[in-house]
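As structure tokens, the structure follows; a few thoughts come after it.
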Amino acid sequence: MRKALLSSTAFVMAMGMAGTAQAQENTDDTEVNDDDIIIVTATRRAQDVQDIPIAVTAVSPVQLERQGVVNVQEITQVSPSFSTSNAQTSSGSVVLRIRGVGTTSNNVGFESAVGIFIDGAYQSRPGVALSEFVDVERVEVLRGPQGTLFGRNTSAGALNITNKRPDLSEFGGFVNGTYGNRDLFSVQGAVNVPLVQDTVAMRLTGAYRQRDGFVKVIDAAGNRLGETNGADQYLIRGQIGWETDSGIKGRVIADYAQSDAPFGAAVEVLQSPVETAGLFGLVGLGATGGMAVPGTTTNRFDQSAAEASVDNLTSTANFVPSTHSDQWGLTGEIEIPIGDSADLIYIGSYREYSSEESYDSDFSGIDVFNVLPGGGTDIETMTHELRVQGEAFDGALDWLIGGYYSTEDINQQVNFGLGEDYGELIGALFFAPTGGAFGANPLTFLTDSNFFPNSPLNVPGGIDPAGTLNTNLYTQNSKSWSIFTHNTFNITDRFSATIGLRYSDETKDGSFAQGANNNALCPAILGTIAAGNVPAPLINNVFGTGCFAFTAPADLPAAAVFPLPRSFSDTFDDNELIYTGKLSYAFAAPVNIYASFTHGYKSGGFNLDSTGAAGGADPRFLSETVDAYEIGVKAKLIDNAVTLNVAAFREEFQNFQVLEFTGAQFTTFNVPKANSTGLEIETVIRPSDNLTVNGGVTYTKARYPLDCAGTQTAPNVLALCGNSLTNAPEIVAIMGASYEKDLGNYLDFFINGQIRFEDDRRTSTQAFDPSDLTNPVLVPFDIQDSNTKINLRAGIGAQDDSWAIEVFGTNITNQVTRGVTFNTVLRSGSRSAFPQEPRSYGVTLRTKF
């Protein structure tokens, strides 16, 4: 009867539920006891995940391995409420989302709505946390705003990543080696060495991963230059851990990581009308203006993921993108007992991160606009968190009081250049409106005093934009401090109430200045416009291309009239009281129910872009706040063979932070209102000792309400109202199963499968063209159609884990999907996209000692 009931329950749950508290596999790397109690630290205390009034997904290292999760971005495979996307740089344009909410930005001035904490230390930007997952003890996905527990406040959620601590008593370690398609080569390993038995130990961890990219890059002539979106990275981490007879324990962690894989090529998914009309050929740029042969990237890489093929992912460029990042950091933690019922805990960290990128920013085979070598981003962070926590009144009160202080210094240099074909590209765009009257290079023609003797500048032959160079310099220095408390009152053995408070104070000094700039074109174009040489209907286009925002000189006198770059140096100050209240009740089943309210916050800052203060605009953007409501139930049923968690939520955001690319520049603004409402269901079912079924579904309505603009009248804000947030599908479901079998003769066998279904989602900021809201026109290639991705892994090995061999496949049906779609740079009507990971497969060998 029990098996029949379990089988029926498994079938019902598996109809669309996604895997969640999957840390329930009893291995050496998980904190699970014989009663399947999953211990997490989401509340800054070691507690059973089923007892805490927080929606949290806990993932073990076994689940990470069996689903091919090698970094933060791939947690999507094991948590349906978590998603991620990436754009032109591997480090600077990563967006993390929980419940459909994230901060869409490749602007270094923005903080992430989803915070990342590694071994208790806050990582200030998602790109800093892209190192390899290796020797991980647990990953926790905390859903909803955080602030009264963790050192840094976040508005959408947090990832809490805990690496395995040194074992004070036993020598041991492991080595994993993987080979797969696209010449994947990966090796991971760790060794644990007790230095003073049961008192001090050292743990060394390392990983290396190399893989060819899945997007091939060709030039204007169709010659293959190489590929991008691969892997070439390594990580080294060392720890010293200790515990004294008096109970004082701690560890010091040092790590270094480096990545050099080319990343960030975009694929054209919609050709420009100029391209299809043959106007590029009339100005000498060939039939397609340097793009791939018509149809190469559009016939199959369309809105239907089922028809996409990795063989068609071809990007055009002058050169293969070059990326390099490296970082090193120190983290220290110490826990000191205070009497019998309290502890003092300190976590401090220091990190230096640097990245360098150069790439063809117009994403075409002609030489138009490039981000040149020599620039880069440096981020230096320091954090200190001190907590005192314990119990009082015979366990009736769990209390916590803490303080937090952090600094962050950002220095960024970006080198821009206009290429040999910039003027001709503008000529193709202007050819039809002017009937070719401006010639193949209109900007040179319009600044030629031979044709316009009334021009204020005497420039016979005009100014060719080719060779225009510009260096933009950005800085931001931040200081944050806060005091916080989080207390749970156990009113009865079953009923408890939690109150948390946090006062946070933020100060940021931001600046933009221009380094070297040889742009003579922009002043000449402004003079030509002032002299009346440009027809009125073309003034905006002539200004926008002649004074291209990324290369225009800063602080020209005309900046009072035109939206030209302006240098700035200013201060941002803000503070906020963050608070939460939770009620929970435990039934005997065990079934726990809870209800909570949280007021969350994410700091504002500076638009670190050359146009941040253009036209006299304030380069600062406002802080983002959220009021979040949640009710939930956590249950273990049928003799603990079924774990079922359900959470319903509503999150109301105010001053939601948005950055969008228009095709010529980045714009930053706050949307007064955005909401996320939904339901999450997660389950783990064990029909037998050999079989585990996991499932779950997240239904989310993450949208800008119809009245999202409030009193604002800006078209780019109005165009958002009534539409869903970017990359926020309504339904995401994960269903999986793992079967393990003792084969005798000291052998074990397992097979694991996971299916992830994702509903339609928008892939760009705007759903409609904001230039004409009286006649709304859908932005083409905005919607990524629903898709299903399947992962499989099977293995056999010794029961003592001395060896194992596994074969695996991720996304085995090769569903190629788009993460971000955007207006191709300086190419009217063209749309390009950044594709996501296609099929992977290979074999892994493991050994433990």
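Please name all residue pairs, on different chains or six or more residues apart, with Cβ atoms under 9 Å, provided the first residue is in segment 629-657 and is under 20 Å from Thr154 (Cα atoms) and touching a residue at least 60 places away in the same chain (Cβ under 8 Å) and the second residue is outside any strand (DSSP E or B) and among the basic types (Lys, Arg). Close Cβ pairs (under 9 Å, with a partner that is outside any strand (DSSP E or B) and among the basic types (Lys, Arg)) amount to Phe649/Arg99; Glu651/Arg99. Considering (1) surrounded by 20 or more Cβ atoms within 10 Å (Cβ to Cβ); (2) aliphatic (A, V, I, L, M); (3) not in a strand (DSSP E or B), the lone condition that Leu457 does not fulfil carries the number (1). In a residue-by-residue description of segment 740-748, the property of being surrounded by 20 or more Cβ atoms within 10 Å (Cβ to Cβ) and outside any loop (DSSP other than H, G, I, E, B) applies to no position.
Would you confirm, using the coordinates I've provided, whether Phe597 is among the aromatic types (Phe, Trp, Tyr), farther than 28 Å from Gln476 by Cα and surrounded by fewer than 18 Cβ atoms within 10 Å (Cβ to Cβ)?
yes
Looking at segment 642-655, can you tell me whether even one residue there is within 23 Å of Ser480 (Cα to Cα) and among the β-branched types (Val, Ile, Thr)? No, because not a single residue in segment 642-655 is within 23 Å of Ser480 (Cα to Cα) and among the β-branched types (Val, Ile, Thr). Taken as a whole, segment 580-587 holds at least one residue that is within 27 Å of the chain's Cα centre (by Cα) and crowded, with 17+ Cβ neighbours inside 10 Å.
Residue-wise test of (1) touching a residue at least 24 places away in the same chain (Cβ under 8 Å); (2) buried (at least 18 other Cβ atoms within 10 Å of the Cβ); (3) touching a Phe, Trp or Tyr at 6+ places or on another chain (Cβ under 9 Å).
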{"position": "Gly510", "(1), (2), (3)": "yes, yes, yes"}
{"position": "Asn517", "(1), (2), (3)": "yes, yes, no"}
{"position": "Leu526", "(1), (2), (3)": "yes, yes, yes"}
{"position": "Ala536", "(1), (2), (3)": "no, no, no"}
{"position": "Val542", "(1), (2), (3)": "yes, yes, yes"}
{"position": "Pro557", "(1), (2), (3)": "no, no, no"}
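Please give the number of the condition Pro776 fails out of (1) surrounded by fewer than 19 Cβ atoms within 10 Å (Cβ to Cβ); (2) part of a strand (DSSP E or B). The single condition Pro776 does not satisfy is (2). For segment 549-568, the set of residues classified as within 15 Å of Thr471 (Cβ to Cβ), out of contact with any helix residue (DSSP H, G or I) (no Cβ under 6 Å at 6 or more places or on another chain) and of a type in the set (A, V, I, L, M, F, W, C) consists of Ala549, Phe550, Ala554, listed by residue number.
Any chance segment 432-440 includes a residue that's crowded, with 20+ Cβ neighbours inside 10 Å and touching a residue at least 60 places away in the same chain (Cβ under 8 Å)? No - not one qualifying residue is present in segment 432-440. Being surrounded by fewer than 20 Cβ atoms within 10 Å (Cβ to Cβ) and modelled with pLDDT under 95 is a property that holds for Thr711. Restricting Glu275, Glu243 to those that are touching a helix residue (DSSP H, G or I) at 6+ places or on another chain (Cβ under 9 Å) and among the charged types (D, E, K, R) reduces the list to Glu275.
Report, by residue number, each residue of segment 115-167 that is of a type in the set (Ser, Thr, Tyr) and under 27 Å from Phe649 (Cβ atoms).
Tyr122, Ser124, Thr148, Thr154, Ser155, Thr162
Identify all residues within segment 409-438 that are of a type in the set (Asp, Glu) and part of a strand (DSSP E or B); write none if there are none. Asp409, the sole residue that qualifies.
Can Asn727 be described as on the phi > 0 side of the Ramachandran plot and buried (at least 21 other Cβ atoms within 10 Å of the Cβ)?
Details: on the phi > 0 side of the Ramachandran plot: yes; buried (at least 21 other Cβ atoms within 10 Å of the Cβ): yes.
Criteria met by Asn727.
Within segment 585-607, the set of residues being among the polar types (S, T, N, Q), closer than 22 Å to Asn675 by Cα and assigned to a loop (DSSP other than H, G, I, E, B) comprises just one member, Ser603. Number of residues in segment 502-530 that are among the hydrophobic types (A, V, I, L, M, F, W, C) and assigned to a loop (DSSP other than H, G, I, E, B): the value is 1. The set of residues in segment 129-165 being under 23 Å from Ile345 (Cβ atoms), among the charged types (D, E, K, R) and touching a Gly at 6+ places or on another chain (Cβ under 6 Å) consists of Arg152, Arg165.
Would you call Gly722 without any contact (Cβ under 8 Å) to a residue 40 or more places away in the chain, more than 28 Å from the chain's Cα centre (by Cα) and either surrounded by fewer than 16 Cβ atoms within 10 Å (Cβ to Cβ) or assigned to a strand (DSSP E or B) (or both)? Considered against the rule, which asks whether it is without any contact (Cβ under 8 Å) to a residue 40 or more places away in the chain, more than 28 Å from the chain's Cα centre (by Cα) and either surrounded by fewer than 16 Cβ atoms within 10 Å (Cβ to Cβ) or assigned to a strand (DSSP E or B) (or both), Gly722 comes out as no.
The residue list Tyr474, Tyr405, Tyr422 contains one member that is over 26 Å from Glu111 (Cα atoms), among the aromatic types (Phe, Trp, Tyr) and at pLDDT 95 or above, which is Tyr422. The residue list Val78, Val69 contains one member that is farther than 28 Å from Val671 by Cα, modelled with pLDDT of 80 or more and surrounded by 24 or more Cβ atoms within 10 Å (Cβ to Cβ), which is Val78.
Let's see how each residue does on (1) hydroxyl-bearing (Ser, Thr, Tyr); (2) in contact with a helix residue (DSSP H, G or I) (Cβ under 9 Å, 6 or more places away or on another chain); (3) at negative phi:
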residue	(1), (2), (3)
Asn670	no, yes, yes
Ser676	yes, no, yes
Ile685	no, yes, yes
Tyr699	yes, no, yes
Asp707	no, no, yes
Ala719	no, no, yes
Ile731	no, no, yes
Asp760	no, no, yes
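Between residues in segment 125-137 that are farther than 25 Å from Gly177 by Cα and residues that are outside any helix (DSSP H, G or I) and of a type in the set (Gly, Ala, Ser), which pairs lie under 6 Å by C-beta distance while being six or more apart or on different chains? As it stands, the answer is Pro126/Ser112; Gly127/Ser91; Gly127/Gly92, since those pairs meet every condition given.
Sub-6 Å Cβ pairs linking a first residue in segment 150-162 that is under 15 Å from Thr598 (Cβ atoms) to a second residue that is acidic (Asp, Glu) and modelled with pLDDT of 85 or more, at least 6 apart or interchain, are Ser155/Glu624, ordered by first then second residue.
The values are calculated or read from the model by the stated rules, or taken from the named source; none is laboratory data. Values in this document were obtained by computation on a predicted structure and should not be read as measured data. Please note: Cβ atoms are built from the backbone with ideal geometry, for glycine as well, and neighbour counts cover all protein chains shown.
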